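Okay, so here's the structure we're looking at.
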Amino acid sequence: MRYFLVFFTGILLSSSLVVAQKPEQRSSSEIYHSLEKLNFLGTALYIAAHPDDENTRLISYLSNKVKARTGYLSLTRGDGGQNLIGSELRELLGVLRTQELLAARRIDGGEQFFSRANDFGYSKHPDETLKIWNKEAVLGDVVWAIRNFKPDVIINRFDHRSPGTTHGHHTSSAMLSFEAFDLANDKNAYSDQLELTETWQPKRLFFNTSWWFYGSEEKFEKADKSKMTHLDIGTYYPILGKSNNEIAALASSQHLCQGFGRLSQRGSENEYIELLKGTMPKNSGDIFEGIDTSWSRVSGGKAVGDILYEVQRNFDFTKPSKHLPQLAAAYDLLQKVGDPYWRKLKTEELKDIIADISGLYLEASAETALANPGGKVKVNIEAVNRSSVQMRLKIISISSSDARIAPSIPLANNKKETFEIELQIPEDTDFTSPYWLKEKGSLGMYKVADQKLIGKPETPRAFVAKFEIELSGRTIVFERPVIHHYARPDKGELFQPFEVLPEATARFNDKVLIFADGKSKKIPVTIRAHADNIKGELELQHSKGWKVDVASQAFEIAKKGDEQTLVFTLTPPENEDESYISPIIKLNGKQISKELVTIAYDHVPTQSVLLPSEAKVVRLNIKKSGQHIGYIVGAGDEVPESLKQIGYIVHIIEPNTIAKGSLDKYDAIVVGIRAYNVVEELKFKQRYLFDYVENGGNLIVQYNTASRRGKQLENLAPYPITLSRDRVTDENSEVKILAKKHALMNYPNTIGQSDFEGWVQERGLYFPNEWSKEFTPVLSMHDKGESPKKGSLLVTPYGKGNYIYTGLSFFRELPAGVPGAYKLFANMLSLEKNVQPTKLN
């Protein structure tokens, strides 16, 4: 279920405080599990290309069975994929998938990292991928991740030796990892990084292989396994009350926008890894064999280990706070450990355990969910020590500000202490938004100026409360992000992030505005207030040739969260043209040209994304026939809104309302992307859709997949049609018109080569590769070095009407305002009745 709210709290999944989620208070068994991890000094890094590429079974095994610090480096954020649960695409989809990965890591115990690579869509070869990505830059990001995370073991999801056999992003991720394995220890490689980090040499590199890479289980059974080892990832954890594969299934099920919800699994199951670099473990199943993962690994660590191993051996599950004196002593010794990497990492882990076993609850809650640079907000402080151990709360301060109080009071057993701090937001505080979207990037790369941010999953929070607590004679600083904690009668207790936003943002209702003729259009611009009592002016910035009725309009909004809509009249030029318009808010001597996009689902924390506020305006000479279009929504797209732009009245059809004769009122019916994959009820309604066509209607079916397991959809078309995985990923590939005289190419708009210019991301995907003789293939296209693909647009008369199947990516092209895509889609909707099959020219 999706909630279209400004803010919403996610479910509790984490072993630590997660912004916008209730802070977890761990049980004794969970604290013990953390103590086991504290006493393992080994690190593993899993590397692949996209969200959902990661093997959650193996990540969970390494984190929960081996107890290693485990990370997943996804080179991209999945920006180029599709969305099964909403309409977010491109950079907004990347934000959503980032949060789904973080939700998965909170379950399987791993950590999450990224490179600056932008998922530009499907790529058939790593040569293309690495050219678009900028190989040197992304390779540097992998080296940076290795140098900072310091993995002893790296595991690649894909095979670097098989270019051209799978997604180019997949193979590229393995190739880059293979190269970075040694470069990370080369002081001459990416030497500028060494001002902030140091070289590192991992000990082993593996490839996470399986029978799939060999083509069949039979071939894998016969394969040489001398360099392979296997791990039983079906192990059961009594401490957690779950098996490893149950945890893994729950983690991968967080990828809901990709349709990865799945049943949990149980029982023994082997996972294979093949050694690529380093020495083969002598002990099968122990990938850390020969690597010291004890406290003796670091200078001064043995003394720390002597204490912590003793605590682990004699852990008191009924009264864990009895171990606080030992943990405090270990904390002191840990500060003397020579290795800064392990000292910092294990200090944070130990502080979490100290807080957990003492029931220490610390919170800094702002009275409002957001503030503006230069503004003030009251922060409510709560501190409770729920153990008999003596503590003193000395100082509370908030980072990046002058906010500070020094209560210097004892924290008595189970006595809540509360305070108030006034937080003055500095004028130069950055707005809350994904850091990788702050500057405009390229097709293949996000632009990130701050090297220290590269690799981080999300933007660090601007304000963190620091609690200085004296415990057994030493002062320990505990940090908690400033949040907003409140309750709603219909939701209960809620936690959400505290955010810094501009005083106002502006947005257009439509991101693409199509002017099908020379007539003016009313352009509403909505201003949202993020502060009380704002007053200013709004301008509509436009390019030469476009005209607006007034230069600016005044606005005034009294309450934060309220909105006001101003309407401008925009007149297009006489000739065809493409341009952009932007709202400029002038407020208190500032100019603001941002819009706020809120991404809210119930399985991830709500995200606030600030983007440049703009709309594409396109002057087209486009013709169409018909008026009322029925639209059956599939996996989610913006095609209905796009059709409204050229004057159609679009009616959303709920599949359960389809009955005999109910569709006859529509001039055409369009089926949304992947509808037959995600809308179960459609297979029971298909006969009514065919009846509609037979009685004279136009039915347009957009792309579906044959499913991940290759099972063909049945009864998709009135005549046999076979879907494949054929696709054309080069959006600039040559398009040949096979049926030049067909009405689709001539009525009411004449379609020519120029109409296939300016397409974005791809031509299309999942084209049929077989069809019956009744169909007419209209177009031919192909990627470099491949055979022509003729299944992108198929049409056949059926009864008095027409059936059209298309794998062309209209769901990308129409929202991007591609003129030729609009003209071609208008022709499909306007196709005359009784159009007979056309011979190819």
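Sorting 50-56, 344-350, 211-217 by average packing, meaning the other beta carbons within 10 Å per residue, from highest down gives 50-56, 344-350, 211-217. Each of VAL464 and ASN575 was given a label point 7 Å from its Cα along the Cα-to-Cβ line. The distance between the two points is 5.7 nm. One decimal place: the segment LYS773-SER268 gains 176.8 nm when fully extended, by the rule 0.36 nm per residue minus the C-alpha distance.
Farthest towards the positive end of the charge dipole of the stretch 560-625, among the residues ILE592, VAL609, SER582, is the Cα of ILE592, using unit charges on the Cβ of Lys, Arg, Asp and Glu.
Pick out, in residue order, every one of the trypsin sites (Lys or Arg not before Pro) in the stretch 208-303 that is DSSP loop and has at most 15 other C-beta atoms within 10 Å; say none if there are none.
In loop regions of the stretch 208-303 (DSSP not H, G, I, E or B), the sparsely surrounded trypsin sites (Lys or Arg not before Pro) are LYS225, LYS227, ARG262, ARG266, LYS282.
A simple spin-label model places pseudo-atoms 7 Å from Cα toward Cβ; at ALA303 and GLU641 they are separated by 6.2 nm. Is there a pair in LYS22/LYS150; LYS150/LYS282; LYS535/LYS616 whose C-alpha atoms are over 25 Å apart, and which pairs would that be? Those over the limit are LYS22/LYS150; LYS535/LYS616. Could you tell me which chymotrypsin sites (Phe, Trp or Tyr not before Pro) in the stretch 295-328 are loop residues by DSSP with no more than 16 other beta carbons within 10 angstrom of their beta carbon? Taking the stretch 295-328 and a limit of 16 other Cβ atoms within 10 Å, the loop chymotrypsin sites (Phe, Trp or Tyr not before Pro) found are PHE317. Highest average first, the peptides 353-362, 195-204 ordered by how many other beta carbon atoms sit within 10 Å of their residues are 353-362, 195-204. State whether the stretch 506-618 is rounded, prolate or oblate according to the following rule on the C-alpha gyration tensor (a ≥ b ≥ c being the square roots of its eigenvalues): a/c under 1.5 gives rounded; otherwise a/b larger than b/c gives prolate, and the remaining case gives oblate. Verdict is oblate for the stretch 506-618. The Cα center of the stretch 739-782 and the Cα center of the stretch 295-356 differ in position by 66 Å. The distance separating the Cα centre of the stretch 582-637 from that of the stretch 184-231 comes to 42 Å.
For the residue pairs LYS37/LYS346; LYS124/LYS784; LYS67/LYS336; LYS623/LYS741, the alpha carbons lie more than 21 Å apart in LYS67/LYS336. Taking the Cβ-Cβ separation of LYS535 and ARG313 as r and a Förster radius of 60 Å, what is the calculated FRET efficiency to the nearest 0.05? That gives a FRET efficiency of 0.35.
In this structure, the amide hydrogen of ASP79, modeled 1.01 Å from its nitrogen in the peptide plane, lies closer than 5 angstrom to those of ASP119, counting only residues at least 5 positions away or on a different chain.
Backbone N atoms of the stretch 175-194 closer than 12 Å to the 7 Å Cα→Cβ label point of LEU345 are not found in any residue.
May I ask you to derive the relative contact order of the chain, considering only C-alpha pairs under 8 Å and at least 6 residues apart, and to give it as an integer percent? Could you put the intermediate results ahead of the total?
Details: 1963 pairs, mean separation 87.1, N = 841.
Relative contact order for the chain comes out at 10 percent.
Loop-located GluC sites (Glu not before Pro) in the stretch 750-841 (DSSP state other than H, G, I, E, B) with a sparse environment of at most 15 neighbouring Cβ atoms within 10 Å: GLU757, GLU786, GLU832. With each label modelled as a point 7 angstrom along the Cα→C-beta vector, the GLU195-LYS378 pair spans 4.5 nm. If R0 equals 30 Å, the separation of the Cβ atoms of ASN746 and GLN686 corresponds to a calculated FRET efficiency of about 0.50.
Values in this text are rule-based calculations from the coordinates and carry no lab data. Quantities reported herein were computed from a predicted structural model and do not represent experimental measurements. Note that each Cβ is placed from the backbone with ideal geometry, even for glycine, and that neighbours are counted across all protein chains shown.
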